[in-house]
Amino acid sequence: MISRTLPARTLLFLGLCLTGRRGLASAPELKEQPKRIAVIGAGIGGTATTYFLRQEFGVGVKIDLFESGTVGGRLATEEIGGAEYETGGSIIHPLNLHMKHFLDRLGLSQRRDVPSKMAIFDGEQLSFQESDWFIVNFLRMLWRYGFNFLRMHMWVEGVLDKFMRIYQYQQFGYSFSSVERLLHAMGGDSFLLLANQTLEEAMLGAGFSQSFLNDIVAPVTRINYGQSVRINGFVGAVSLAGADPGLWAVDGGNKKVCSGLLYHSKAELIPAVVTAISTKQRPIKTGGMASLYEVNYAGEFGSAHALYDIVVVATPLHQGLSQIAFHGFTPPVPSHFPGHYHQTVTTLVHGLLNTSFLGVTDPPAQFWVSDVLTMEHKGSVINSLSSIDPVHIPTGYSRPPASAHKVWKVFSPQTLTKTQLSQMFLSWDTVLERRWLAYPSYRQPLRRTPPFVLHERLYYLGAVEWAASAMEMSAISARNLALLAHHRWHELEGKIDQEDLHIRLRSEL
Ligand SMILES: Cc1cc2nc3c(=O)[nH]c(=O)nc-3n(C[C@H](O)[C@H](O)[C@H](O)COP(=O)(O)OP(=O)(O)OC[C@H]3O[C@@H](n4cnc5c(N)ncnc54)[C@H](O)[C@@H]3O)c2cc1C
């Protein structure tokens, strides 16, 4: 793999982010700050929203965060043998600047890196196995796929370079009222085109070979999104960036970021399921009427409701993920938007791998591969198989070879049967399963994403997932919505949906 260093521009943005303040002060406030804001869902998106809302609106506003399950949402761990292992979102890209910023602000650190080795399984054997030697990997790839591999890195790098612009825009306080406008601001028409075609179309159009797509690209999209190269090109590029070196995770578990952001934002956690949101008019002291949102919720204490000036929905509005009724809105706000979420089953197995399942003939004591990606093949039941490390790496830890009992993580579209497990493992003492509606099913081109703005002061964070689902995408959406909510509240139109920012800001830097 190609090693990268952070471009100077990126470091500058990171430096700006670390100050925790925008480069330009907000324009003078035109009206009173809101009194109460509700955020629904305490995953990384919702907790990051409370953090950024606090930055925008200051200490005076009361922020309530509703959570029906556990803080962290799709960032979750399970315990095996006294250690915790990630079952949901696990890896973070080195250029995910919001996640890096959160770690710094919250005093968390990155988990110690344990070198890993990747292989690709074609259904019968390992068609590719990474060597310890960069030059060997490079020559193998060159021999089989020509310069496709090198060009793929350059292609992803080109997308990433444009993607990084969002940090600068947000640093300068700019926000976007739709996913399409956000994508367009980052990468112009080329990003909208990418999002509206499949990864396969985009890469074939860019001159990559079909065999490279089948043998190398599809295994990457299968491990990251459980789906084929027919996902949209933008999420495809995000997925391929997930094969870059330098990926990291949070020491102690990624979900620690969510609890840290919640604490830091001084929002009040309300452990309840939000059942309905409706519009209400209330008379105000100075005369006239104020328009507010009534949030209805139910918890162990029974049912209740409260009024808010601003509401951010930070859970996907899709079948099986939330059930919130919206009353009194014109045009109506649906409980569920079109499209569905893709099921990925995470199975953690503490056991002894049957290496012959992978067609490996070497003794298991010599099998050090940690990540087995899979090509699409007839009868395939798994998307990937990985030897995983605990969320905290103790001193002196080294990942054992396949001859040892250890923890494996299997991603599959369906629950694994006992027969399937016994084909993959010679023995086991623990099997833990977590079924996720993990990320959108990206089979259809994007066309139109759900809106960020559901009503005047009612916002929807999850819209961004239809471009790409990742922790950083939720964090970007969180900052965008906090800025958007602030600017719309104070009618700062000049900070919303501005065109050609990358050219205009270049002269300001
Ligand atoms: C198996 C798997 C692997 C992944 N791998 C990666 C990875 O390696 N890297 C990466 O960056 N991303 C990864 N992702 C994606 C990433 O985890 C998600 O994009 C991200 O965590 C989404 O965060 P969120 O806050 O937007 O949504 P969620 O985490 O889903 O949070 C929504 C919250 O809202 C709550 N809620 C729902 N309805 C209500 C209601 N009515 N009232 C109150 N609360 C409600 C839910 O309980 C939930 O806690 C993975 C996801 C999965 C499932």
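For the stretch 389-420, give me each residue that is among the hydrophobic types (A, V, I, L, M, F, W, C) and touching a strand residue (DSSP E or B) at 6+ places or on another chain (Cβ under 6 Å). Even if it seems obvious, please write down each step before you answer.
Residues of the stretch 389-420 among the hydrophobic types (A, V, I, L, M, F, W, C): 391, 393, 402, 404, 407-408, 410-411, 416.
Within the stretch 389-420, Val391, Ala402, Val407, Trp408, Val410, Phe411, Leu416 meet the criteria.
Within the stretch 263-315, which residues are at pLDDT 95 or above, part of a strand (DSSP E or B) and among the hydroxyl-bearing types (Ser, Thr, Tyr)?
Those that are at pLDDT 95 or above, part of a strand (DSSP E or B) and among the hydroxyl-bearing types (Ser, Thr, Tyr): Thr275, Ser278, Thr279, Tyr293, Tyr297, Ser303, Tyr308.
Per-residue answers, yes or no, for (1) acidic (Asp, Glu); (2) crowded, with 20+ Cβ neighbours inside 10 Å; (3) assigned to a loop (DSSP other than H, G, I, E, B):
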{"site": "Gln420", "(1), (2), (3)": "no, no, no"}
{"site": "Trp428", "(1), (2), (3)": "no, no, no"}
{"site": "Leu432", "(1), (2), (3)": "no, no, no"}
{"site": "Ala463", "(1), (2), (3)": "no, yes, no"}
{"site": "Ser474", "(1), (2), (3)": "no, yes, no"}
{"site": "Leu483", "(1), (2), (3)": "no, yes, no"}
{"site": "His487", "(1), (2), (3)": "no, yes, no"}
{"site": "Glu499", "(1), (2), (3)": "yes, no, yes"}
{"site": "His502", "(1), (2), (3)": "no, no, no"}
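Give the number of residues within the stretch 61-79 that are among the aliphatic types (A, V, I, L, M), in contact (Cβ under 8 Å) with a residue 60 or more places away in the chain, in contact with an Asp or Glu (Cβ under 9 Å, 6 or more places away or on another chain) and more than 6 Å from the ligand (Cβ to nearest atom).
3
Just to verify a result, which residue in the stretch 200-232, among those that are crowded, with 19+ Cβ neighbours inside 10 Å and free of Cβ contacts under 8 Å to residues at least 40 places away in the same chain, is farthest from Gln414 (Cα to Cα)?
Filtering first and then ranking leaves Ala202.
Somewhere in the stretch 296-305, is a residue loosely packed, with under 15 Cβ neighbours inside 10 Å, more than 10 Å from the ligand (Cβ to nearest atom), more than 21 Å from Val61 (Cβ to Cβ) and charged (D, E, K, R)?
Scanning the stretch 296-305 turns up at least one residue that is loosely packed, with under 15 Cβ neighbours inside 10 Å, more than 10 Å from the ligand (Cβ to nearest atom), more than 21 Å from Val61 (Cβ to Cβ) and charged (D, E, K, R).
Among the residues of the stretch 369-384, is any surrounded by 17 or more Cβ atoms within 10 Å (Cβ to Cβ), acidic (Asp, Glu) and in contact with a Ser or Thr (Cβ under 8 Å, 6 or more places away or on another chain)?
Yes; the residues of the stretch 369-384 include at least one that is surrounded by 17 or more Cβ atoms within 10 Å (Cβ to Cβ), acidic (Asp, Glu) and in contact with a Ser or Thr (Cβ under 8 Å, 6 or more places away or on another chain).
Here's the yes/no breakdown for (1) crowded, with 16+ Cβ neighbours inside 10 Å; (2) touching a Cys at 6+ places or on another chain (Cβ under 8 Å); (3) among the charged types (D, E, K, R):
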site	(1), (2), (3)
Ser291	no, no, no
Glu294	yes, no, yes
Ile324	yes, no, no
Thr347	yes, no, no
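Can you name the residue in the stretch 453-479 that is touching a Ser or Thr at 6+ places or on another chain (Cβ under 7 Å) and within 13 Å of the ligand (Cβ to nearest atom) and, of all such residues, is farthest from Leu193 (Cα to Cα)?
Ala478
Select from the stretch 325-355 the residues that are within 12 Å of the ligand (Cβ to nearest atom), hydroxyl-bearing (Ser, Thr, Tyr) and within 29 Å of Ile388 (Cα to Cα) and list them in ascending order.
Tyr341, Thr344, Thr346, Thr347
Taking Glu456, is it within 18 Å of the chain's Cα centre (by Cα) and within 23 Å of Ile277 (Cα to Cα)?
For Glu456, the condition - within 18 Å of the chain's Cα centre (by Cα) and within 23 Å of Ile277 (Cα to Cα) - is not met.
Within 11 Å of the ligand (Cβ to nearest atom) and assigned to a strand (DSSP E or B): does that describe Ala438?
Yes; evaluated as a whole, the condition is true for this residue.
Can you confirm whether Gly58 is exposed (fewer than 14 other Cβ atoms within 10 Å of the Cβ), of a type in the set (Gly, Ala, Ser), under 28 Å from Glu433 (Cα atoms) and more than 14 Å from the ligand (Cβ to nearest atom)?
no
The values are calculated or read from the model by the stated rules, or taken from the named source; none is laboratory data. A quick note: this is a predicted structure, and the numbers were derived from the prediction, not measured. With ideal geometry, Cβ positions are generated from the backbone for all residues, glycine too; neighbour counts draw on all protein chains shown.
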